[in-house]
Amino acid sequence: MAHTPDAPEAVIELQDIRKSYFMGRQELEVLKGITLAIRRNEYVALMGPSGSGKSTLMNILGCLDSPTAGTYVLNGHDVSTMADNDLAEIRNQEIGFVFQQFNLLPRLTALENVALPLVYAGLPRKRRTEMAMEVLRKVDLTARSHHRPNELSGGQCQRVAIARALVNNPSIILADEPTGNLDSKTSHEIMELFNHIHAEGNSVVLVTHEEDISRFARRVIRLRDGVLESDRLNTETPVPASA
């Protein structure tokens with residue numbers, strides 16, 4: 001079931017997105033016209049083999065890169081042609097990132113890592129602490145709030161990263177291979193946490209190459225050779241973490 005760019009309540013609208021890189025005079029076209037919409041409270045897995053354009057599309061979705069051509073509207077903002085400074089501001093306001101490597105600052109506590117986006121947003125310290133503790137509660141880590149990353153397990157570090165992604169109440173959570181550094185049991189626990197986050201009304205885009213992880217999403221979009229290969233709703237039931 002394909003979704004068109006004029007779908008109601010769209011938080012992401014891509015129209016004919018193209019991305020090329022130039023090596024001297026040679027043009028390498030990585031994305032060859034991607035058109036899709038992601039609606040509020042959708043849970044989408046973005047998949048594709050190496051070289052499919054999946055990482056390039058993720059960077060554009062995350063406002064880490066700009067398309068060569070086409071239109072990208074994120075929560076009502078046309079970000080296609082924004083300058084870097086404006087893109088940085090939109091990233092902090094609209095997107096919560098979760099990365100495979102966690103990307104936590106080692107000298108900061110879990111609480112301080114979670115509060116970091118609020119520092120950039122200019123919130124006062126007391127409010128930052130309150131908001132950070134609230135999302136740490138959501139990921140069941142209040143008891144570890146004053147521990148540094150080297151005092152936490154891999155699963156706990158990823159929970160801190162998820163809390164940091166949630167703290168600004170972004171329009172979309174963008175998770176790039178979020179279980180790539182975790183064992184199987186912890187991976188399923190983290191994916192069940194994403195299920196809860198989605199159930200609370202968040203829009204989630206999960207970038208993964210693992211079929212068992214993609215089954216947690218409600219919609220699976222596959223890329224191949226820079227174009228959409230398929231876009232379907234997921235009818236499979238994810239395996240519970242206790243299995």
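Any read-out appearing in this document is the output of simple, stated calculations on the displayed coordinates, not a laboratory observation. It should be emphasised that the depicted structure is a prediction, and the values quoted were computed from it without experimental measurement. Positions of Cβ are generated from backbone atoms using ideal geometry, with glycine treated the same way; all protein chains shown enter the neighbour counts.
Using the number of other C-beta atoms within 10 angstrom as an exposure proxy, rank MET47, MET131, MET23 with the fewest first. Present the calculation step by step, with values, prior to reporting the outcome.
Working: MET47 23, MET131 20, MET23 7.
Least to most surrounded, the residues fall as MET23, MET131, MET47.
Normalising by the residue count of the chain, find the relative contact order in percent from Cα pairs under 8 Å and 6+ residues apart. It rounds to 27 percent for the chain. Considering only LEU174, SER66, SER52, and ranking their Cα positions along the charge dipole of the chain that arises from unit charges at the beta-carbon of Lys, Arg, Asp and Glu, the one farthest toward the positive end is LEU174.
What is the fewest-to-most order of TYR21, TYR72 by other Cβ atoms lying within 10 Å of their Cβ? Walk me through the numbers before you get to the answer.
On the way: TYR21 11, TYR72 21.
Going from least to most buried by this count: TYR21, TYR72.
Axis angle, to the nearest 10 degrees, between helix 84-94 and the longest C-alpha principal axis of the chain: 60 degrees.
What's the whole-number percent of alpha carbon pairs in the stretch 78-205 lying beyond 25 angstrom? Considering the stretch 78-205, 20 percent of its Cα-Cα pairs are separated by more than 25 Å. Helical content of the chain, expressed as a calculated mean residue ellipticity at 222 nm, amounts to -9500 deg cm²/dmol (DSSP H runs of 4 or more residues, -39,500 (n - 2.57) each, divided by residue number, nearest 500). Residue separation of HIS146 and GLU210 scaled by 0.36 nm, minus their Cα-Cα distance, works out to 19.7 nm of gained length. With +1 on each Lys and Arg Cβ and -1 on each Asp and Glu Cβ, and nothing else charged, work out how big the dipole of the chain is about its Cα centre, in Debye to the nearest 20. Charge dipole of the chain: 600 debye, to the nearest 20. Of the three principal axes defined by the Cα atoms of the chain, the extents in descending order read 52, 44, 39 Å. Think of the chain as having a plus end and a minus end, set by charges on the Cβ of Lys, Arg, Asp and Glu; of LEU228, LEU104, ALA143, ALA143 sits farthest toward the positive end of this dipole. Computed over the stretch 109-165, the P(r) curve from all C-alpha pair distances, binned at 10 Å from the origin, holds 28, 58, 14, 0 percent per bin. Here the chain carries DSSP beta bridges of which approximately 60% are antiparallel, counting only pairs with both residues inside. Between 0 and 90 degrees, the angle of helix 184-199 with respect to the longest Cα principal axis of the chain falls at about 80 degrees.
Taken along the Cα-to-beta-carbon direction at a fixed 7 Å, the label points for GLU27 and ARG224 span 2.5 nm.
In summary, the aspartates and glutamates within cross-link reach of LYS19, defined as a Cα separation below 16 angstrom excluding same-chain residues under 8 places away, comprise GLU27, GLU29, ASP65, ASP225.
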